[in-house]
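All of the numbers you see were taken from the coordinates with simple rules; none came from a lab. Computed from a prediction, not measured in an experiment: that's the story for all the values here. Don't worry about glycine lacking a Cβ; one is built from the backbone with ideal geometry, like all the others, and counts go over all protein chains shown.
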Amino acid sequence: MDRSQNHCLTRSTKWLADLVVTLLLWGYYTVGFLVFFSLFYVMAYLFSKNRETSFQRLNHRFYKGFFSLVRVLAPQHKWRIDSDVSGIRSCVIVCNHVSYLDPLILISLFEKHKTIAKSSLFKLPLFGRMLRLSGYIPSTSEGKLKELMIQHIETMNDYLAAGGNLFIFPEGTRSPDGNIGSLNKGAFKIARLCRTPIKVLFVRNTDVLFRPGRFLFNACVPNTITLELIETIEPDYQSKAFSISRLMGQVHMLLSTQSSRH
C-alpha cells in the first residue's frame, strides 16, 4: 500500500473515530439528559425551596459529567486548569471566548454561577425556560426580557455576596482567529454596581477540540486545553479617578497579551 493510500486510510479512520466520539457525547447531551437528569430537574422544579440554586447545581453536575466523558473519549486532549480557578467565589469573571465549549467549562467548574446568554435563547420553548429557572441573564433588555434583566441586576449584589459568581465573555461572541475583539461594558458596570473584584481568565485551544461550524468533535489530535487565572483586579470603585473605560482597557490588554503567546 503506497503512502497516499495510507493517508486516505488514516483520514478515514480519524473521521470514523471522531464520529463515534461525537455521537457518544451528543448522546449524553440529549438521551443522557432525558433519561438520567430530567427527573432531577422536574423534582427541583416541584419541590425545591430555591429553584435557581437547584438548577444551577444540576447544570454544574450535568456539564461536569459531560467533560469527564470528554476526557475518557478524547484522551489526546490534555487539560490544564489552574487550581485557583475552581476556588473563585463572589466575583465577576471575565474570559476570552474561542469555542462553544467555553461557557460549558465554566458551568462545570462553578456550582453557584450565573452568566449572560443570548436573548434569542430565552425564546426557545424548553431551553429558554431552563435559562430563566437557572437565573441566567438575557444579553439585551428588549421587550418582555427587560423586567427579567432588571430583576437579576437588582439582586446581583446579594447573590455575589453569598458566594455566587457571574461569568461573562465581554467580547460578546467567539473570536474567529483568537485575537481579542472590543469589549462590552456590561460586565464592568455590574462589577462597579456590586463593588466586586474582577477575575480575568484566559482559555486556550477549546476550538481545537470543537471547531466552530463543525458537527464533529476533533477528538484524535494531540492538544492541550488550558484555563488560567491571569489577574485579579480589585478596583477602587469609590475613587474619583475610577473609569470603566480605563478598567476595560486594562482587561483588554491582559487578554491581548495572552492571545499573542502561542
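Numbers at a glance
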item: Nonlocal amide H pairs with His113, under 5 Å, H built at 1.01 Å; result: Asn165
item: In the stretch 141-181, the trypsin sites (Lys or Arg not before Pro) that fall in loop regions by DSSP, at most 12 other Cβ within 10 Å; result: Lys144
item: P(r) histogram, all alpha-carbon pairs of the chain included - 5 Å bins from 0, percent; result: 1, 5, 11, 15, 17, 17, 13, 8, 5, 3, 2, 1, 1, 0, 0
item: Beta bridges per DSSP with both ends in the stretch 3-259, % antiparallel, nearest 5; result: 30 percent
item: For Gly178, net neighbour charge (Lys/Arg +1, Asp/Glu -1) across residues whose Cβ lies under 9 Å away; result: -1
item: For Thr224, net neighbour charge (Lys/Arg +1, Asp/Glu -1) across residues whose Cβ lies under 10 Å away; result: +3
item: Ile93 long-range amide H proximity, modeled H, under 5 Å; result: Leu166, Phe167, Ile168, Lys199
